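Just so it is clear, none of the values below were taken in a lab; they were calculated from the coordinates. The structure displayed is predicted, hence computed values, not measured ones. Note that we place each Cβ from the backbone using ideal geometry, even for glycine, and neighbour counts take in every protein chain shown.
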Amino acid sequence: MTAEMFASVYDDGHVTEVIRPAAIVPEEAARAILVELALSDAQAGGVWVSNPTSWTRYDRSWDGPGEPGESQLVGTVHVAYGVPTRYEITIYRVTVTGQGASQGWTVTSLCDEVLATAGLSLATCPRATLSAPPRPFRF
């Protein structure tokens, strides 16, 4: 298989970025975002589908419950609920699909859309504290 063939098979245009340091959504903002995600559910006329590990954005609402129809996945915000404290949410990775990128979506714009419901953006969201790595073990 040539390099061009390999690229055409496996290069689907997805852009994935690990958020370093991870963005921490404070408790009050997390509640506002979760309420907005529930109100904007793609299965009920919105464009988001959320679960405890990710928030996915579609380009249009679904045809019905469990039926995405012609809607295309734009991107996914990967989250961890209850980290670092019980009521906070950590955003640690974001993926924009090839379809989303062709529509002009970026990692920042995808995050900013969902965070804006709580008055935040990726740039203004608090960040996790990174600690120094442990010292190497020596005999």
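Overview of values
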{"read-out": "DSSP H segments from the chain that extend 20 Å or more along their own axis, Cα-based, with Kyte-Doolittle mean of -0.5 or above", "value": "none"}
{"read-out": "Of Gln103, Gln43, Gln72, the one that fluctuates the most in a GNM where the chain has Cα springs shorter than 10 Å", "value": "Gln103"}
{"read-out": "MRE, 222 nm, helices only [DSSP H, n ≥ 4, -39500 (n - 2.57), over the chain, to nearest 500]", "value": "-7000 deg cm²/dmol"}
{"read-out": "Residue-count net charge about Cys111 - beta-carbon cut-off 15 Å; Lys, Arg +1, Asp, Glu -1", "value": "0"}
{"read-out": "Gaussian network model of the chain, springs between alpha carbon atoms under 10 Å - residue of Pro84, Pro65, Pro26 with greatest fluctuation", "value": "Pro65"}
{"read-out": "Cβ-based net charge around Gln43, under 11 Å, with every Lys or Arg adding one and every Asp or Glu removing one", "value": "-3"}
{"read-out": "Two-decimal log10 I(q)/I(0) for the chain, as the Debye equation yields it once each C-alpha is a single scatterer, q = 0.10, 0.18, 0.20 Å⁻¹", "value": "-0.40, -1.01, -1.17"}
